[in-house]
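Step one of this worksheet: look at the structure below.
The values are calculated or read from the model by the stated rules, or taken from the named source; none is laboratory data. Bear in mind the structure is a predicted one, so any value in this text is a computation, not a measurement. Heads up, the Cβs are rebuilt from the backbone with ideal geometry, glycines too, and the neighbour counts pull from every protein chain shown.
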Amino acid sequence: MNENDATKLITDAYVYGYPIMGMYELLYQQVLGPNKSTKMNEFLHIAVVSTPKTSFVPAPNNDTTYSRAWLDLREEPIIIETPDSNDRYYSIQLTDLFTDITDNLGKRLYGTKKHSFAIVGPTWNGKLPEGVIPVYCKTTIALAFLRILIKGENDLETVKDLQKNFVIKPLSEYITGKTSNMDFTLGLPDYCVGNYYEYFETMNKVLALTPMIQQDEELLKKIKAVGIGANGKLEILRGIPEKILKDACNGAKELIDQNGLHFGEEVNHWRIARKNIGIFGNDYMQRAVVWYKGALANVPEESLYPSTFKDSHGNFLTGANKYVIHFDKEQLPPVSQFWSLTMYRFSDAFLIENKINRYSIGDRTKDLAYDSQGGLTIYIQHLEPEEEKEKANWLPSPDEPFYMTLRLYGPSEDAILGKWSPPAVEKK
């Protein structure tokens, strides 16, 4: 094999495996490594409202609590029991090992009454108990990400109680009531990025966890020639000169970065990703770009996240200026669930301290003031507005550059198809 052919195959393999290895890094950090925070098949509930003091990850939402669980589907289905949430929005985003969205278990698709879901992996062919809803996952490892709506400042204790009623158990335990003795160890190496040989060797072992997906068959046959894949031969991989391996991987990173520059579309200086999110097929570059730009992004039918860094003239947003966003009544975010606009510091994407402890504004904001025609104007500035009518609709900005994300949960078809877009941010 000549150098060009090897470089092309390694580049394709890196793009293919980039989000898969990203998922494995999370899996290792959260349930396998020495600093793990929970076990397989067990929810970790983060029962806080995101504020500058409680947020430890960039760009948190200020609307919901978070919970997560990694599911091991190798031996049998995993049951997720959901409570009656009394019409409160929640969603369990099920993401497979390859970052495709398997399903969203929650209000939009299943309502808010009690349910028992069986998350079924690709190797199990048994019979489920009556009344259990099957959800089929194409990989043997999956991530369940639970969001529960917080309705106001004094609502957190209610949400904490609700979190406790989301229960995970193996099917055998669900049927017999006896604690399962299933071995949840995966036998995988530490997540290691010491060099690209080790990177691909680890990737081979991760791929071996789950049966090959038919749509990937063509690519996996090709990259087997450089020792990459579930049955990749290490002697072939180790036989590739290090410079070729390094240059190919660096080239793949540059390709992902370049494609990321055109992620989504720009409308009124809002960047909106409405297409090819969450279900990727064999579009491996799109899958890699989505992981790079917004890891674990959900399907647009569940949520849309337009973001803006600029005003209507294309100038970057800064706390030195005052801005407004005006929605006519028919231009308000079209959602079946809820919407919010969240403020982030440009430098690190974290929430910003302010005197009124307001980090987002939206349809659940107390005493929000609409005009006589039903329209809404949001005032965005560092210092508190002087006029009383503006204070109710004030979203405080920092005294430095910032950006904002508009979250639409249960967006309308018009929003998904691009027939609706947010209005531009206007400098006062």
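Just need a number here: residues in segment 311-340 that are crowded, with 16+ Cβ neighbours inside 10 Å, of a type in the set (Gly, Ala, Ser) and over 24 Å from the mean Cα position of the chain (by Cα).
Adding up the residues that qualify gives 1.
Sort out which residues of segment 411-423 are in contact (Cβ under 8 Å) with a residue 12 or more places away in the chain and either over 12 Å from residue 324 (Cβ atoms) or crowded, with 19+ Cβ neighbours inside 10 Å (or both), and write them in order of number.
Residues satisfying the conditions are 411, 412, 414, 415, 416, 417, 418, 420, 421, 422.
Residue by residue, here is whether (1) farther than 28 Å from residue 205 by Cβ; (2) outside any loop (DSSP other than H, G, I, E, B) holds:
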position	(1), (2)
86	yes, no
94	no, yes
109	yes, yes
113	yes, no
117	yes, yes
122	no, no
129	yes, no
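I'd like to check something: does segment 253-262 contain any residue that is of a type outside the set (Val, Ile, Thr), modelled with pLDDT under 90 and under 22 Å from residue 291 (Cα atoms)?
Among the residues of segment 253-262, at least one is of a type outside the set (Val, Ile, Thr), modelled with pLDDT under 90 and under 22 Å from residue 291 (Cα atoms), which makes the answer yes.
Out of the residues in segment 173-198 that are at pLDDT 75 or above and β-branched (Val, Ile, Thr), which is nearest to residue 79 (Cα to Cα)?
Among them, the one singled out is 175.
Kindly provide the set of residues from segment 170-193 that are under 28 Å from the mean Cα position of the chain (by Cα) and over 21 Å from residue 36 (Cβ atoms), ordered by number.
171
In segment 118-153, how many residues are touching a Leu at 6+ places or on another chain (Cβ under 6 Å) and aromatic (Phe, Trp, Tyr)?
Selection size over segment 118-153: 0.
If only one of 87, 100 is among the acidic types (Asp, Glu) and under 21 Å from residue 65 (Cα atoms), which one is it?
Testing whether each residue is among the acidic types (Asp, Glu) and under 21 Å from residue 65 (Cα atoms) leaves just 87.
Please find, within segment 243-259, the residue that is surrounded by the fewest Cβ atoms within 10 Å (Cβ to Cβ) out of those that are out of contact with any helix residue (DSSP H, G or I) (no Cβ under 7 Å at 6 or more places or on another chain) and of a type in the set (S, T, N, Q).
258
Give me the strands (runs of 3 or more DSSP E) completely within segment 264-348, filtered to those with at least 1 residues that are closer than 25 Å to residue 394 by Cβ and in contact (Cβ under 8 Å) with a residue 12 or more places away in the chain, ordered by residue number.
Strands (runs of 3 or more DSSP E) meeting the threshold: 270-272, 323-327, 335-345.
Within segment 376-389, restricting attention to residues that are assigned to a loop (DSSP other than H, G, I, E, B) and out of contact with any strand residue (DSSP E or B) (no Cβ under 6 Å at 6 or more places or on another chain), which residue is surrounded by the most Cβ atoms within 10 Å (Cβ to Cβ)?
The extreme case among them is 382.
Could you list, in sequence order, the residues of segment 391-410 that are of a type in the set (Gly, Ala, Ser) and crowded, with 23+ Cβ neighbours inside 10 Å?
Result: 397, single match.
Being surrounded by fewer than 20 Cβ atoms within 10 Å (Cβ to Cβ) and charged (D, E, K, R) is the filter here, so list the residues in segment 265-295 that pass it.
The answer is 265, 266, 271, 274, 275, 283, 293.
Restricting the first residue to segment 193-208 and requiring it to be under 14 Å from residue 252 (Cβ atoms) and assigned by TED's automatic domain parsing to the domain that holds residue 252, which pairs with a second residue that is of a type in the set (Val, Ile, Thr) and loosely packed, with under 15 Cβ neighbours inside 10 Å meet a Cβ separation below 7 Å and a spacing of at least six or different chains?
199/193
Exactly one condition in (1) surrounded by fewer than 18 Cβ atoms within 10 Å (Cβ to Cβ); (2) modelled with pLDDT of 95 or more; (3) out of contact with any His (no Cβ under 6 Å at 6 or more places or on another chain) is false for residue 298; which is it?
Looking at each condition in turn, residue 298 falls short on (1).
Listed residues 316, 327; which is of a type outside the set (S, T, N, Q) and farther than 16 Å from residue 421 by Cα?
316
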